[in-house]
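*Asks:* Following this message is one structure expressed as structure tokens.
The values are calculated or read from the model by the stated rules, or taken from the named source; none is laboratory data. Here the structure is a predicted model, which means the values were calculated and not measured. Note that we place each Cβ from the backbone using ideal geometry, even for glycine, and neighbour counts take in every protein chain shown.
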Amino acid sequence: MRVACRSTLAVLTSACLLLSCTWAQAEGDFEQLTLRISPERQSVLALEPIPITITLSNNTDKVVQDPGPVAPNAGGLKIYDARGEGTFRRFRTADNWPVATLHMPEGAVFGPGRVRTASGYLYYANPEDAEKEVGRYLLPEPGTYRIKAVLRHLRSTETIESNIMTVVAREPTGVDARAYELLKALPYRSFLLTTTGTYRSPEGLAVVAAKQELLREFPETRYARYLHYSLGFTYLLRRGEELERGMEMLEKAASYEDFIFATKALWFLAETSVKQGDLDRAERYLAILKERFPDSPTTRSVSATISAVRSEQR
């Protein structure tokens, strides 16, 4: 009995010491964390979204309270942009942040060596123009952009600021320049990416027709991938006889090796196939995701969806 009591006491003592050490480490300073912002590519073509990655690291030997999700519109993260040497101003919006994969339970801690990463695409590359197209995506005009991030702790007023990254929006040349001029002539240049509802009004129908004409006239332009993507999703929304046409458009968009929305296109294709009851076709899209994007959350999501449906059918 005495041996058992001594063993229990030893375990309790060790546990208390561990908790004491953890508690002592919890005094770490949020402002000592490292926030970095980096571009997926150093330059984009004018009107292309800017793909970026935000990384939060704890390079100290202390534990700090969890700062919350690293994502715009889901916590304390703000993105700022400056055109050339101009003054930094806050971005109006961003998209495709995997918020669910970044969030930690309330009261969790961010320990030494921990790293949290979020990838996304910036549309409002020039905040000075935001008032001209309120509620619509703005896309980068030619020029140099300096971009930084600022993260505020969700439970305090502490903030940390990232490095400043630089991205160049290139002036289009050749066939891209001719397509660019036609895109700028659209009612809103953001219609290059607009998908939802673009066919519901006379103006929207005209834009869809203009995109179709652009694809026929300039099939080799770099903008074609975005046109295939936005038109494909528009046709999917129409359903009926347009659905297969939309699938073909999205397949074409996903076929571009360096297309930043390839995973989203494949997700739409796989999910639509599941809803149509065509699991074999969904499996084919999943195979492409596994080959090209094995570590993507999208790949895991599609795999889980198909597995769940397969299980229900057994």
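*Asks:* For residues that are in contact (Cβ under 8 Å) with a residue 12 or more places away in the chain and more than 27 Å from I50 (Cβ to Cβ), scanning just the stretch 291-309, find the one that is surrounded by the most Cβ atoms within 10 Å (Cβ to Cβ).
*Replies:* Checked the stretch 291-309; the qualifying residue surrounded by the most Cβ atoms within 10 Å (Cβ to Cβ) is I306.
*Asks:* Here is a further query. From the set of residues in the stretch 249-290 that are of a type outside the set (A, V, I, L, M, F, W, C) and over 21 Å from I306 (Cα atoms), which is surrounded by the fewest Cβ atoms within 10 Å (Cβ to Cβ)?
*Replies:* The extreme case among them is E257.
*Asks:* What do you reckon, is S57 at pLDDT 80 or above, among the polar types (S, T, N, Q), in the same structural domain as R146 (by TED's automatic domain parsing) and out of contact with any Leu (no Cβ under 8 Å at 6 or more places or on another chain)?
*Replies:* When the stated conditions are applied, S57 does not pass them.
*Asks:* Give me the pairs: first residue in the stretch 41-53 and on the phi > 0 side of the Ramachandran plot and buried (at least 23 other Cβ atoms within 10 Å of the Cβ), second residue among the hydrophobic types (A, V, I, L, M, F, W, C) and in a loop (DSSP other than H, G, I, E, B), beta-carbon distance under 6 Å, and six or more apart or on different chains, which are they?
*Replies:* Note: pairs meeting the criteria are L47/L139.
*Asks:* What's the total number of residues in the stretch 188-237 that are within 20 Å of the chain's Cα centre (by Cα), at pLDDT below 90 and within 13 Å of L47 (Cα to Cα)?
*Replies:* Residues meeting the conditions: 5.
*Asks:* Let me ask something additional. Is it fair to say R41 is of a type in the set (K, R) and either assigned to a strand (DSSP E or B) or at pLDDT below 65 (or both)?
*Replies:* no
*Asks:* Which of the residues belonging to the stretch 162-175 are under 25 Å from the mean Cα position of the chain (by Cα) and either surrounded by 14 or more Cβ atoms within 10 Å (Cβ to Cβ) or closer than 30 Å to T221 by Cα (or both)?
*Replies:* S162, M165, T166, V167, V168, A169, R170, E171, P172
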